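Chemist: The structure that follows is given in the form of structure tokens.
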Amino acid sequence: MSIVSDVKERGLEAVREWALRLDGVEPQRAVADAEGLPREALLQLADRVRRWHGAQRPADISLEVEPGVTLERRWLALDTVGVYVPRSLISTLVMCVVPAQVAGVRRIVVCTPPDGAARIAAAADLLGV
């Protein structure tokens, strides 16, 4: 069975098994094994990014141009966003994940190479991803 077929059929469990088999990485263990993650600095950065992007979010507009005719501009979040984080670049994770959260994206998927994955997994966990 191909990786794609297996993931389509079994979902996240297949992803976990393939990550362990090919990369030697177990996401939950990676979170627990992350050492030296500057947690407080990460949360402060995330808060600043969250405030900045929250302030930039455009307001929805509704205007009745004549009786019975209303024009609207609504800002809607994407349902799913994929984020690629190069080798241990936690700032890239924050700068991509937090704006998506502010926008209201329901599902954020993070991919990163196995080298440095523990720190990225731990940081993503702190961000609620």
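Chemist: Suppose each label sits 7 Å from its Cα in the direction of the beta carbon; what would the D115-S62 distance come out to in nanometres?
Modeler: Here the modelled spin labels are 5.4 nm apart.
Chemist: In terms of modelled amide H atoms, which long-range or inter-chain residues lie less than 5 Å from the amide H of V83?
Modeler: V109, V110, C111
Chemist: May I pose another question? Please work out which option in [x] 21, 17, 14; [y] 35, 22, 9; [z] 19, 18, 14 gives semi-axes √(5λ) of the Cα gyration tensor in Å calculated from these coordinates, and answer with its label.
Modeler: Here semi-axes √(5λ) of the Cα gyration tensor in Å agrees with entry [y].
Chemist: Take peptides 93-99, 111-117 and line them up by average Cβ neighbours within 10 Å, highest first, as a rough protection proxy.
Modeler: Per-residue Cβ counts within 10 Å, averaged per peptide and sorted highest first, yield 93-99, 111-117.
Chemist: For M1 and E40, what does the FRET efficiency come to when R0 = 41 Å and r is the distance between their Cβ atoms, rounded to the nearest 0.05? The partial results should precede the final answer.
Modeler: Working: r = 44 Å, r/R0 = 1.08.
E(calc), rounded to 0.05, equals 0.40.
Chemist: Per 0.36 nm of contour for each residue apart, how much would the distance between A103 and S91 grow if the chain were fully extended, relative to their Cα-Cα spacing?
Modeler: 2.5 nm
Chemist: In the chain, what % of DSSP beta bridges are antiparallel (nearest 5)?
Modeler: Approximately 50 percent, going by the DSSP bridge assignments.
Chemist: Using θ = phi - 60° and the Karplus form 6.51 cos²θ - 1.76 cosθ + 1.60, what ³J(HN,Hα) does each residue of region 67-77 get, whole Hz, x for Gly and Pro?
Modeler: x, x, 10, 10, 9, 9, 10, 10, 9, 10, 7
Chemist: Can you sort D125, D47 so the residue with the fewest Cβ neighbours within 10 Å comes first?
Modeler: Least to most surrounded, the residues fall as D47, D125.
Chemist: Would you please put 13-21, 74-82, 55-63 in order of how densely packed they are, using the mean number of other Cβ atoms within 10 angstrom per residue and starting with the highest?
Modeler: Highest-to-lowest ranking by the protection proxy: 13-21, 74-82, 55-63.
Chemist: Can you give the helix-only mean residue ellipticity at 222 nm for the chain, where every DSSP H stretch with n ≥ 4 adds -39500 (n - 2.57) and the sum goes over all residues, rounded to the nearest 500 deg cm²/dmol?
Modeler: The per-residue figure over the chain is -16500 deg cm²/dmol.
No lab work stands behind these numbers, since they all come straight from the coordinates. Source: prediction; values computed, not measured. We place every Cβ from the backbone using ideal geometry, glycine too, and count neighbours over all the protein chains shown.
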